[in-house]
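The values are calculated or read from the model by the stated rules, or taken from the named source; none is laboratory data. Note that this is a predicted model, so its numbers are computed, not measured. With ideal geometry, Cβ positions are generated from the backbone for all residues, glycine too; neighbour counts draw on all protein chains shown. Quick note on the areas: whole protein, heavy atoms, side chains included, nothing else; ligands and nucleic acids left out. Shrake-Rupley method; radii C 1.70, N 1.55, O 1.52, S 1.80 Å.
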Amino acid sequence: ADRCRAWIGRAAVKRVTDDVEGAFADLDRAESVAAGQGLVEERARIHYMKGNLFFPRGNIEGCLKEHTESLQLAREAGAVELEAAALGGLGDAEYMRGHMISAQARLHECVELSRQHGLGRIEVANLAQMGAAKQYFAPQQIVLAETLAAVNAAARVGHQRAELTATLVAVASSFMLGQRDHCHEHIRRAQELVRRLGAWRFE
């Protein structure tokens, strides 16, 4: 069980540094142990992370399947944190297939559940994603204001990946509003976060 959790932890690090193949390999090792020992929470976390890895690959069906499985297992285990994470993952999957209003609804569920249970890091991560979905159907002034609030919330808790996501939404909204100087300011901050995280896919 400890090895299983260690492999999940290794995969989480590799995901941030975009070592997708390495992360999948660690999760496959973890899954064989989790299934054999009946570790339901760990299985929920493994499916959640696999869904997150399918997202940057553009694998919509894989993303939906893994996050749906994660949500079912999280509820079976009574693991609220994993339930909130899976709802956020399903929001990402809806976003990837272009269903922005559905994405916003799932992400909103995730954020509300996170607030109810004091899950600050999950809340800020999905606040950032809400802006990414909302920019397709809401006035950009509203999107920018909410996104900058998400940037500040992520910075307060030190969640640099969420801060990067929200900052990139701020870049797009500033661009669409013709705010050239602000756009450059947000780009500079995003570049700094990319370097800190080593998340070169975002460069």
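May I ask you to evaluate 6.51 cos²θ - 1.76 cosθ + 1.60, the Karplus curve with θ = phi - 60°, for each residue of the stretch 7-21 and list the ³J(HN,Hα) values in order in whole Hz, giving x for glycine and proline?
My calculation for the stretch 7-21 gives 4, 4, x, 4, 4, 4, 5, 5, 4, 5, 8, 6, 8, 5, 4 Hz in order.
Quick check: convex hull over the Cα atoms of the stretch 133-200, volume per residue in Å³, rounded to an integer?
Residue-normalised Cα hull volume stands at 77 Å³.
Could you give the length gained by full extension between Gln72 and Val40, i.e. 0.36 nm per residue of separation minus their alpha carbon distance, to one decimal place?
On the way: separation 32, 0.36 × 32 = 11.52 nm, distance 1.01 nm.
10.5 nm is the gain from fully extending Gln72 to Val40.
Rounded if a/c is under 1.5, else prolate if a/b is larger than b/c, else oblate: which is the stretch 1-73, with a ≥ b ≥ c the root eigenvalues of its Cα gyration tensor?
It is oblate, given that a/c is not under 1.5 and a/b is not larger than b/c.
For the stretch 38-113, rounded, prolate or oblate, judged on the Cα gyration tensor with a ≥ b ≥ c (square roots of eigenvalues), a/c < 1.5 rounded, else prolate if a/b > b/c?
oblate
Applying a 10 Å radius around every beta-carbon, put 105-115, 10-20 in order of their mean neighbour count, most first. Let's see the in-between values first.
Working: 105-115: 20.6, 10-20: 17.3.
Ranked by mean Cβ neighbours within 10 Å, highest first: 105-115, 10-20.
For the stretch 79-203, what does the accessible surface come to per residue with a 1.4 Å probe? Please give it in Å².
Per-residue accessible area for the stretch 79-203 comes out at 48 Å².
Comparing Glu185, Glu146, Glu163, which has the greatest mean-square fluctuation in the GNM of the chain with Cα pairs linked when under 10 Å apart?
Glu185
Just Gln37, Gln129, Gln160 to compare: in a GNM of the chain, with alpha carbon springs under 10 Å, which one fluctuates most?
Gln37
Sequence gap at least 6, Cα distance under 8 Å: using those rules, report the relative contact order of the chain to the nearest whole percent. Mind showing how you got there, number by number?
Numbers: 301 pairs, mean separation 28.1, N = 203.
Relative contact order comes out at 14 percent.
Compare the Cα positions of Ala166, Val111, Ala44 along the charge dipole of the chain (+1 at Cβ of Lys, Arg; -1 at Cβ of Asp, Glu; about the Cα centre) and return the one farthest towards the positive end.
Ala166
Just to compare against my own numbers: the Cα pair-distance distribution for the stretch 101-153, 5 Å bins, whole % per bin, please.
In order of increasing distance, the bins hold 5, 23, 30, 25, 13, 4, 0 percent.
Residue-wise, which Karplus ³J(HN,Hα) couplings in Hz belong to the stretch 87-92, taking 6.51 cos²θ - 1.76 cosθ + 1.60, θ = phi - 60°, and x for glycine or proline?
Calculated HN-Hα couplings, in order: 4, x, x, 5, x, 4 Hz.
Of Gly22, Gly88, Gly62, which has the largest mean-square fluctuation in a 10 Å C-alpha GNM of the chain?
Gly22
Restricting to Cα pairs below 8 Å that are 6+ residues apart, what does the relative contact order work out to for the stretch 68-118? Please round to a whole percent. It would help to have the intermediate numbers written out before the result.
Values: 45 pairs, mean separation 16.5, N = 51.
Relative contact order comes out at 32 percent.
How large is ³J(HN,Hα), in whole Hz, for each residue of the stretch 191-198 in order, when computed from phi with the Karplus curve 6.51 cos²θ - 1.76 cosθ + 1.60 and θ = phi - 60°, using x for Gly and Pro?
Going residue by residue, I get 4, 5, 5, 4, 5, 4, 7, x Hz, with x marking Gly and Pro.
Between Tyr136 and Asp28, take the C-beta separation as r, use R0 = 45 Å, and let me know the FRET efficiency to the nearest 0.05.
0.80
Leaving out ligands, DNA and RNA, what percent of the accessible area of the stretch 61-203 is carbon and sulfur, probe 1.4 Å?
52 percent
How far apart, in nanometres, would the label points at Val16 and Ile60 be if each is projected 7 angstrom from Cα along the Cα-to-Cβ direction?
That separation, rounded to one decimal, is 3.1 nm.
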